[in-house]
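In what follows, a single structure is set out as structure tokens and then discussed.
Read-outs: derived from the displayed coordinates by stated rules, not from any lab. Because the structure is predicted, anything quoted here is derived from the model rather than measured. Backbone-built Cβ (ideal geometry, glycine too); neighbour counts: all protein chains shown.
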Amino acid sequence: MSALNGLKFVSAKRPQSATPIVQRRNKLSNQLFEQIELARNMGEGKLYAPVRVRSVKDKHTGERKLVEAIKRVKQWWFIAENGRVCLQVRYGTRVLELAKGKNSIEVGTVAELLPVLETVKKCVETGELDAQIDSASAAVRARFEK
């Protein structure tokens, strides 16, 4: 019991759900994690192919079973006309406008891409891109309202 005496005990309640802002941040943070892994594996010459579990219905028996499938991850960067690498941050299918009239980050080379992606991920997690995420989310929601 002497080891427990050195610990601080409190009465705490686990939150049941996160706020919509935090959910959006987490979604974008997870997407950025995939982009970081894609860039890291590309730099090492490896293929990044995350696996997800899908439920598939058998045509003949009608039975549902779980199957592992490779998730397709599209890269968010491209080589511009000037030969430099540009990164576009996406929320779903929407490209975020990072500054007024600017939707891309000019990185330079593919080797410099990984630190830029990690910086963007930190900015998302601290809430610096909340306004851009909110406007992209509102645009997505507006497509469903008819």
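Here the sum of -39500 (n - 2.57) over DSSP H runs of 4 or more residues, divided by the residues of the chain, equals -13000 deg cm²/dmol at 222 nm, to the nearest 500.
Other residues with beta-carbon under 15 Å from the beta-carbon of Glu118 carry, at +1 per Lys or Arg and -1 per Asp or Glu, a net charge of -2.
Looking at region 47-124, the GluC sites (Glu not before Pro) that sit in a DSSP loop and have at most 13 other Cβ atoms within 10 Å of their own Cβ are Glu63, Glu81.
Of the chymotrypsin sites (Phe, Trp or Tyr not before Pro) found in region 7-111, the ones in coil according to DSSP and having at most 11 other Cβ atoms within 10 Å of their Cβ are Phe9. Only lysines eight or more places from Lys122 in sequence, or on another chain, were considered; those with a Cα closer than 22 Å are Lys27, Lys74, Lys100, Lys102. The HN-Hα couplings worked out from phi for region 31-41 by the Karplus form 6.51 cos²θ - 1.76 cosθ + 1.60 (θ = phi - 60°) are 5, 5, 4, 5, 5, 5, 5, 4, 5, 5, 5 Hz, whole numbers, x standing for Gly and Pro. For region 41-125, the set of trypsin sites (Lys or Arg not before Pro) satisfying both a DSSP loop assignment and a count of at most 15 other C-beta atoms within 10 Å is given as Lys46, Lys59, Lys71, Arg72, Lys74, Arg84, Lys100. The amide H of Tyr91, built 1.01 Å from its N in the peptide plane, has Leu96 as neighbours under 5 Å, considering only residues 5 or more places off or on other chains.
If you take all other residues with their beta carbon under 14 Å from the beta carbon of Leu66, and give Lys and Arg +1 and Asp and Glu -1, the sum is +2. Excluding same-chain neighbours fewer than eight residues apart, the lysines reachable from Lys57 by a Cα-Cα span under 20 Å are Lys65, Lys71. When the chain is treated as a Gaussian network with alpha carbon springs shorter than 10 Å, the biggest mean-square fluctuation among Ser104, Ser55, Ser135 belongs to Ser55. Can you tally the net charge around Arg24? Count Lys and Arg as +1, Asp and Glu as -1, for every other residue whose Cβ sits under 9 Å from the Cβ of Arg24. Combined, the nearby Lys, Arg, Asp and Glu give 0.
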